[in-house]
Amino acid sequence: MSEKLNDKIVVFTGVTRGIGLSGAGKTKAKETEKILVGQKTVDTKYCARFVQSFQINLPIEKIDLHKWVTEMTDADYRSYSKDHKMMSSFFKDGVFYMKNLENIGSDSLIQSYELKYHSPHHVQFYSSDTTAYVMRWFPAKVSVPWEMRLTKTSDNTCELTCLIGVDFPDVLLKISWFGSLGDLFLKRHLSEEGENFAKDIERKFAKGGNNHD
């Protein structure tokens, strides 16, 4: 089983961060440090970053995040959140790409992710060309990071930390996003999909591999 963790908001200069902490993690995390240890995602001038962590009841050595994410199907993707609408993925010249459509609150996002970094326990995606349809109608261009990392918590458990966010082209769009409660909807979305990511990883790798049955 997977355990959803509490979250809180920490505001830094130019960057808004949401931090999700486990019971054990509360003794380790500090509000002044990066929200994801070894974070590959670069913070930009006008950005929002949100993170939550989720328990997985498997040894970290049994899990391969790169295998899990590159073998993800459209049905898998849609099962992680009611707001996940469709997904496709492919390799090109050895690089993995993923396209998806999802709803965040009253907005719809079409994203084109490129896998920028990967190891068995750490993956980093970035969509530099995301179209957000505000109120499902008005298009706006933003960029979206998505990063996940596993950390060992015991010989038989580990923790999945998920980072998502938005890079805005200017301060006006960022202010508009927060004025429309975009941060609240994004945190709720992360809580739902992150918990289901952890459950799916646990279920698949408990069987010895990334099975789709």
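Key figures for this structure:
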item: Filter result for the condition that a residue is surrounded by fewer than 18 Cβ atoms within 10 Å (Cβ to Cβ), polar (S, T, N, Q) and in contact with a helix residue (DSSP H, G or I) (Cβ under 8 Å, 6 or more places away or on another chain), over S128, S119; result: S119
item: From the options K141, K99, residue that is within 19 Å of S81 (Cα to Cα) and among the basic types (K, R); result: K99
item: Residues within region 154-190 that are surrounded by fewer than 20 Cβ atoms within 10 Å (Cβ to Cβ), of a type in the set (G, A, S) and either in contact with a strand residue (DSSP E or B) (Cβ under 9 Å, 6 or more places away or on another chain) or modelled with pLDDT of 65 or more (or both), tallied; result: 3
item: Selection status of Y113, modelled with pLDDT of 95 or more and surrounded by fewer than 21 Cβ atoms within 10 Å (Cβ to Cβ); result: no
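The values are calculated or read from the model by the stated rules, or taken from the named source; none is laboratory data. Only a predicted model underlies this, so the values are computations on that prediction, with no experimental measurement involved. Every residue, glycine as well, gets a Cβ built from its backbone with ideal geometry; the counts of neighbours run over all protein chains shown.
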